[in-house]
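Only one structure is covered here, and it is reproduced in the block below.
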Amino acid sequence: MEVLGITDHDTFTGIDLARDAARQAGVELICGIELSTKLHGKSVHLLGYFPSEDALGPFRAWVLEQQASRRERNGRLAIRLRELGLDVTVEEAEALGKGMTGRPHFAKLLVDKGYVSNLRQAFDDYLDESAKGYVYRREPGFSEGVAAIRQAGGIASLAHPIRVHEDVPALMPGLCDAGLNALEAYHSDHGPAETELYLQLARRYGLLVTGGSDYHGTMKPDVRLGTGCDGNLHVPPKVVEALKAAAGR
């Protein structure tokens, strides 16, 4: 592992804590973040990479507003799950989430308490947007998220496009008009055919390419840092070099 990008949801806490450790280990650290945004009424994740952090002040303040929205949603989610007969509290989920708590931590809590057998069932039965326990969260629109990243000097990349609920090729003109300038082609959920499709889309629309394992520790036990699921991921070094070049590094 030579280069590590940390893209936690709605927080820079992880990247801030990792700097000294990365320096001591001789690992190059890329500052990033993952935002939950709304596109056509559905949640779409957006990655922001910041090879230069000089203009992050106002963006960090904007991110704090998103954190407040997440905390408010977590409280309502805990209430909804209790209404469904599940004995969970927001405090228990926060103990798992530590710095930033989200639905994966509620899912882990449901597994630990024996309400479901695994994390996938927790989402399917209770936490996905179509599940009975889902509660709406106020999220920025996709265009707003892209604009916030770009104004802070970042590279805005559509995260794991295979999970987008619409036809991604058909969406691309509108996403690019919104300012999107990168596409996550390499991901642990992508097979060779999906990776090639997204590489072709990036070339067609003149986008940068990003990639990552989407490692979540114990939240995703089958995903390994840097190599994905059973070694199915390899992000070429040229991907990082192109991101640096785009940022003038």
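Every number here is computed from the coordinates shown, using simple stated rules; none is lab data. Just so you know, these numbers come straight off a predicted model, no measurement behind them. Using ideal geometry, Cβ is built from the backbone for each residue, glycine included, and neighbour counts are taken over all protein chains shown.
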Taking 0.36 nm per residue of sequence separation and subtracting the Cα-Cα distance, how much length would be gained by fully extending the chain between ASP230 and ASP16, in nm to one decimal? 74.1 nm
Please build a GNM for the chain, connecting alpha carbons under 10 Å apart, and tell me which residue among ILE33, ILE149, ILE79 fluctuates the most. ILE79
Once you keep just the Cα pairs under 8 angstrom separated by 6 or more residues, what percentage relative contact order results for the chain? 16 percent
Below 8 Å, C-alpha to C-alpha, sequence gap of six or more: please give me the relative contact order for the stretch 1-119 in percent. 19 percent
Counting sequence-distant residues (5 or more places) and residues on other chains, those with an amide H built under 5 Å from that of LEU183 are LEU158, LEU208, VAL209, THR210
Stretch gain in nm, segment ALA246-TYR205, where the contour uses 0.36 nm per residue and the Cα spacing is subtracted: 13.2 nm
For ASP167 and ARG60, what is the calculated FRET efficiency with R₀ set at 45 Å and r taken between the beta-carbons, to the nearest 0.05? 0.85
So what are the ³J(HN,Hα) numbers for the stretch 106-115, from phi and the Karplus equation (6.51, -1.76, 1.60; θ = phi - 60°), rounded to whole Hz, Gly and Pro as x? 5, 4, 4, 4, 5, 5, 4, 8, x, 6
Along the dipole axis of the stretch 96-162 (charges at Cβ: +1 for Lys and Arg, -1 for Asp and Glu; origin at the Cα centre), the most positive-end residue among THR101, ILE162, PRO140 is THR101
Return a whole-number percent for the relative contact order of the stretch 188-249, with Cα pairs under 8 Å and 6 or more residues apart as the contact set. 29 percent
If you plug each phi of the stretch 172-180 into the Karplus form 6.51 cos²θ - 1.76 cosθ + 1.60 with θ = phi - 60°, what whole-Hz ³J(HN,Hα) values come out, in order, with x for Gly and Pro? 4, x, x, 5, 5, 4, 6, x, 4
Tell me, how many Å apart are the Cα centres for the stretch 1-38 and for the stretch 143-174? 20 Å
Cut-off 10 angstrom, C-alpha nodes, Gaussian network model of the chain. Which of GLY179, GLY141, GLY206 fluctuates the most? GLY206
Fewest-first ordering of ASP16, ASP167, ASP8 by Cβ atoms within 10 Å yields ASP167, ASP16, ASP8
Approximate spin-label separation ASP125-MET1, in nm, with each point projected 7 Å along Cα-to-Cβ: 3.3 nm
